[in-house]
Amino acid sequence: MKSLMYIFTIVLALCFVSCDPPIFQIPIDGVYKKKIGVDCGTIDVECKTIGGVSFNIKQVYRVTNPLDINPKNLSIKYKNNDIKYTVYLNGALIDERKKIMNDDTVVVSFTKKVRKNDTIIINFDNFLYCKEKPIKIGDIPFVFNKK
């Protein structure tokens, strides 16, 4: 009976554990910062928006294992429509898969007019590779609010 109660407690606890990706609450005309842990290290993410139109997502990588990015595999959507973007590695525009070293900076830039409570969905699956395997981060919603 004790072991059954123990198993029930574990199952109940697992039901309340969430593996959902983070939700970024971005202030219009502001900055939002978040640290994301991945298999090959951590990423310091900073999202800036100017006027709810111009966006820069700066990522500084603290890598512990080889890491690559493939800018062609990034997906940014607003109301199910693709948004064009550019990716920079240490200030240089890239459009092919590149190696990331410790303290490298990647910036994703795009423009899109948003209003309060609008959401932009960014899917990072297959954008990052750790030890030649894609890191599955999934969709990250960027929800916009006033300062």
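Remarks
- Qualifying positions in segment 47-58 - buried (at least 16 other Cβ atoms within 10 Å of the Cβ) and not in a strand (DSSP E or B): Gly52
- Flag if Asp125 is assigned to a loop (DSSP other than H, G, I, E, B), within 23 Å of Val60 (Cβ to Cβ) and at pLDDT below 90: yes
- Total residues in segment 116-147 satisfying the condition of being in contact with a helix residue (DSSP H, G or I) (Cβ under 7 Å, 6 or more places away or on another chain) and open to solvent by 20 Å² or more (accessible area, probe 1.4 Å): the figure is 1.
- Subset tally (residues that are free of Cβ contacts under 8 Å to residues at least 40 places away in the same chain, of a type in the set (A, V, I, L, M) and not in a strand (DSSP E or B)) for segment 59-96: 1
- You will find that of Lys113, Lys99, the residue that is assigned to a strand (DSSP E or B), open to solvent by 50 Å² or more (accessible area, probe 1.4 Å) and either hydrophobic (A, V, I, L, M, F, W, C) or out of contact with any Phe, Trp or Tyr (no Cβ under 7 Å at 6 or more places or on another chain) (or both) is Lys99 and no other.
The values are calculated or read from the model by the stated rules, or taken from the named source; none is laboratory data. Remember, predicted model here, so these are calculated numbers, not experimental data. So basically every Cβ, Gly included, is an ideal-geometry build from the backbone, and we count neighbours across all protein chains shown. Areas reflect the complete protein model, heavy atoms only, side chains present, ligands, DNA and RNA absent. Shrake-Rupley method; radii C 1.70, N 1.55, O 1.52, S 1.80 Å.
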